[in-house]
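The values are calculated or read from the model by the stated rules, or taken from the named source; none is laboratory data. Because the structure is predicted, anything quoted here is derived from the model rather than measured. Cβ sites come from the backbone with ideal geometry, for glycine too, and all protein chains shown count toward neighbours.
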Amino acid sequence: MRRESCPACKGEGAKPGTKKIKCPECEGAGQTRTMGGFFTISRTCARCGGEGRVIQTPCSNCRGKGLVRAERKIHVKVPEGADTGLRLRVAGEGETGARGGRSGDLYVDISVAPDEMFERHGNDLVCGVPISFAQAALGAEIEVPTLNGKVKMKVPAGTQSGKFFRIRGKGMPDVHGYGRGDELVRVIVETPSGLNAKQKRLLEEFAQACGENVNPFSRSFMQKVKKLFK
Ligand SMILES: [Zn+2]
Ligand SMILES: [Zn+2]
C-alpha cells in the first residue's frame with residue numbers, strides 16, 4: 001500500500017475540468033507581508049502553502065489531496081544467499097511525492113522462513129541425518145540431501161550419535177559472491193525399536209559377546225556411580 005498520484009486529477013487535486021485559481025489570501029504571490037513597526041515581515045502564505053494558487057473545486061477522487069492510496073504487487077529480485085536482516089532498495093517504488101515530486105524508494109526487509117531440512121548458520125547449513133545402529137557401528141555409505149540434490153557420504157565405523165561431518169561448498173551461496181558455505185551433516189544414531197524375537201535374540205547374543213567393553217560411555221558412567229556410593 002502506498003500513496004500514488006491521483007489518476008482522476010493527475011495529482012493536481014483540482015476537480016477534472018476545473019483550474020486552480022489565484023490565491024485570494026496572497027494575490028498569487030505565495031507570501032504574505034505584515035507591517036511590524038520598522039519591519040515588513042514576509043511569511044509563506046498559509047492558505048496556498050506558497051504555491052500562489054488554490055483549488056476552487058477539489059477532485060472528488062482524492063478529496064483535493066492529489067494522492068490516493070493504492071495497493072500494487074511488484075516483483076523484487078532477491079539475490080542468491082539473502083539472509084534475514086538483509087534490506088533491499090527498490091528505487092522509485094515508494095510513496096509518490098506531493099505536487100509532482102519524485103517518488104521515494106521502497107525498502108524490502110528480508111526475513112527467511114525456517115526450513116524443515118536445513119538449519120542455517122551464516123552461510124553454513126546444518127542437516128540432521130538419521131543412521132541405523134548397525135551403520136554407525138560398522139561404517140556405511142549414506143545418501144545426504146544438499147541444496148543441489150543428494151550426495152553420497154562415508155560414515156566411518158564406530159561413529160557416535162551427534163557427530164558432525166563437513167561437506168565443503170554445499171552450503172548457502174554467499175550474498176556478496178564470495179563462494180559458498182559448507183554443509184554440516186549431523187548424524188543421529190537411531191536405536192532400533194519394535195524388534196522381533198529373532199532380532200532380540202541376536203542382539204542379546206551380541207551383548208553377551210561384547211561384555212561391558214562395547215559401551216565406553218556407560219562403563220565410565222558406572223565407574224563414577226561406584227565411586228559415588230562407595
Ligand atoms: Zn484527484
Ligand atoms: Zn496564498
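Summed over the stretch 62-76, residues that are surrounded by fewer than 16 Cβ atoms within 10 Å (Cβ to Cβ) and touching a residue at least 12 places away in the same chain (Cβ under 8 Å) total 6. I'd like to know if the stretch 32-50 contains one or more residues that are within 16 Å of ligand 1 (Cβ to nearest atom), surrounded by fewer than 15 Cβ atoms within 10 Å (Cβ to Cβ) and either within 46 Å of the chain's Cα centre (by Cα) or at pLDDT 90 or above (or both). No: the stretch 32-50 contains no residue that is within 16 Å of ligand 1 (Cβ to nearest atom), surrounded by fewer than 15 Cβ atoms within 10 Å (Cβ to Cβ) and either within 46 Å of the chain's Cα centre (by Cα) or at pLDDT 90 or above (or both).
Residue under question is GLY28, and the condition is that it be within 16 Å of ligand 2 (Cβ to nearest atom) and either within 47 Å of the chain's Cα centre (by Cα) or surrounded by 12 or more Cβ atoms within 10 Å (Cβ to Cβ) (or both); does it hold? Yes: the conditions hold for GLY28. In the stretch 125-165, the residue that is nearest to GLU183 (Cα to Cα) out of those that are touching a Leu at 6+ places or on another chain (Cβ under 6 Å) and of a type outside the set (Phe, Trp, Tyr) is VAL126. PRO58 satisfies every condition listed in (1) surrounded by 14 or more Cβ atoms within 10 Å (Cβ to Cβ); (2) modelled with pLDDT under 90; (3) more than 11 Å from ligand 2 (Cβ to nearest atom) except (2). Against the definition (in contact (Cβ under 8 Å) with a residue 60 or more places away in the chain and more than 16 Å from ligand 1 (Cβ to nearest atom)), how does GLU27 come out, yes or no? No, not satisfied.
Inside the stretch 17-31, residues that are modelled with pLDDT of 90 or more and under 23 Å from ARG3 (Cα atoms) make up a count of 0. Taken over the stretch 110-127, the criterion of being over 13 Å from the mean Cα position of the chain (by Cα) and either modelled with pLDDT under 90 or not in a loop (DSSP other than H, G, I, E, B) (or both) is satisfied by GLU119, HIS121, ASP124, LEU125, VAL126, CYS127. Checking the stretch 59-78 against the condition returns a match, with at least one residue being within 30 Å of ASP174 (Cα to Cα) and either charged (D, E, K, R) or touching a Phe, Trp or Tyr at 6+ places or on another chain (Cβ under 8 Å) (or both). Apart from one condition, GLU119 fits all of (1) charged (D, E, K, R); (2) within 16 Å of ligand 2 (Cβ to nearest atom); (3) under 24 Å from VAL151 (Cβ atoms); the exception is (2).
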